[in-house]
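The values are calculated or read from the model by the stated rules, or taken from the named source; none is laboratory data. Fair warning: this is a prediction, and the values are worked out from it, not measured in the lab. Neighbour counts are summed over all protein chains in view; Cβ atoms, including those assigned to glycine, are modelled from backbone coordinates with ideal geometry. Accessible surface is based on the protein model in full, side chains and every heavy atom, while ligands, DNA and RNA are left aside. Shrake-Rupley method; radii C 1.70, N 1.55, O 1.52, S 1.80 Å.
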Amino acid sequence: MDLELLRRLVDAAGQPVEIEALAATRGLTIDQLMELVDGLRRAGYVIERIHPHGSAALRLLRTPDLLYAHEVERRLTTRFLGQKVISVETCASTNDIAKDLAREGAASGTLVLAERQSAGRGRVGRVWHSPPGAGIYASLIVRPDDPAPSAAVLQFTTGVAVAHAAMKKTGKPARLRWPNDLLFGGRKAAGLLVESIDTGVSPTLIIGIGLNVNQIEEDFPEEIRGIATSLRLVGGRPLDRIEVLATLLATLEEWYDRMARGDLAALAAAWRPLSSLMDQEVVLELAATRSRGTVADLDPVRGILLRVESGEESWVPAEHVRFIRPVVTAK
Ligand code: BTN
């Protein structure tokens, strides 16, 4: 794909660009230039050849709905998240690619994207269904400054950012199910998988985000139909995935910066109203024990404040929680 030619067509913002001028500035013949145009067309760009003033010209009509790295880089507004984008057509898991790149020294903020994943992973051994074209499968490498946040704090930061970005795009209220499943009307639209890795140098974390953007009901496998949703189903219109990604990364960068400044109070304040756990009666499963009580507070560092029947309250760190579920009482 000839990115220089593409840039000329993009810069013309829908206006025709003379073929002769294009070829001359590149030192190419018209035939050679048209071969490059065909390359762009094969990649999905719709380019028409017209004769506006007698001389042949090209006009870019449409860019493909694909997460090409150059398209994503062009449209991101962030300072460091996604400054380097690696985009693949298919892979097992973008988190695995990100881990390998991180070990090879990739910069903080590097973004890995895939059109589809053959072995997308979720938390606690779950599978993340990752068909091509409709979702965003993204992994970010971050190397936080000292003192580095725990994976749990980074998860909550990302959860709040994903929820805020998704609400901006759909105009509908979202909730976060512990620890950070994004729900609309009780159905899951996104999941996060934050993993820390030992690179021997600085603390490195991988933020994996799976976001359903343009799926319709039939796109989900039967076993998750009815419990999964997408931004399109929620908001009632298809969305430009790169635009969604740009909003998501810009929102995440804002929250990441707050977290890095140590403003965890702002994070907690944003997280509490999103959480579906606040004031709920729950059963909490830890490594060896199980407790029942009411969630009196949530805090990104301290975890869950559980009030048991006697009225006694104690903090349970997020990383100790294996499982939490609301108690369903018979009416
Ligand atoms: C969950 O809901 O349990 C978390 C799902 C996380 C899925 C994303 S998709 C991009 C990245 N690559 C993976 O293999 N998993 C995460």
Inset, instruction - Those residues that are in contact with a helix residue (DSSP H, G or I) (Cβ under 9 Å, 6 or more places away or on another chain), among the hydrophobic types (A, V, I, L, M, F, W, C), within 15 Å of the ligand (Cβ to nearest atom) and within 15 Å of Leu205 (Cβ to Cβ), I need them from the stretch 98-147; list them, please. - result: Leu111, Val112, Ala138, Leu140, Ile141, Val142
Inset, instruction - Scan the stretch 82-97 residue by residue and report those that are in contact (Cβ under 8 Å) with a residue 60 or more places away in the chain, within 13 Å of the ligand (Cβ to nearest atom) and over 29 Å from Arg322 (Cα atoms). - result: none
Legend entry - Residues of the stretch 191-244 classified as within 24 Å of Ala318 (Cβ to Cβ), of a type in the set (Gly, Ala, Ser) and within 16 Å of the ligand (Cβ to nearest atom), total: 4
Inset, instruction - Return a yes/no flag: does the stretch 74-86 have any residue that is open to solvent by less than 60 Å² (accessible area, probe 1.4 Å), over 30 Å from Leu22 (Cβ atoms) and touching a Ser or Thr at 6+ places or on another chain (Cβ under 7 Å). - result: yes
Legend entry - Answer from Gly159, Gly125, Gly133 - the residue that is in contact (Cβ under 8 Å) with a residue 24 or more places away in the chain and at positive phi: Gly133
Legend entry - Only listed residue being surrounded by 15 or more Cβ atoms within 10 Å (Cβ to Cβ), touching an Asp or Glu at 6+ places or on another chain (Cβ under 8 Å) and more than 29 Å from Ala114 (Cα to Cα), chosen from Leu58, Leu67, Leu40, Leu36: Leu58
Inset, instruction - State all residues of the stretch 175-211 that are among the aromatic types (Phe, Trp, Tyr) and within 16 Å of Val234 (Cα to Cα); if no residue qualifies, say none. - result: Phe184
Legend entry - Total residues in the stretch 180-212, condition over 16 Å from the mean Cα position of the chain (by Cα) and outside any strand (DSSP E or B): 8
Inset, instruction - Residue by residue through the stretch 121-152, note down the ones that are of a type in the set (Phe, Trp, Tyr) and surrounded by fewer than 16 Cβ atoms within 10 Å (Cβ to Cβ). - result: none
Inset, instruction - Would you be able to say whether some residue in the stretch 154-177 is in a strand (DSSP E or B), more than 13 Å from the ligand (Cβ to nearest atom), under 22 Å from Arg325 (Cβ atoms) and in contact with a helix residue (DSSP H, G or I) (Cβ under 9 Å, 6 or more places away or on another chain)? - result: yes
Legend entry - Scope the stretch 35-69; condition closer than 30 Å to Thr90 by Cβ, in contact with a helix residue (DSSP H, G or I) (Cβ under 8 Å, 6 or more places away or on another chain) and aliphatic (A, V, I, L, M); matching residues: Leu36, Val37, Leu40, Ile47, Leu60, Leu67
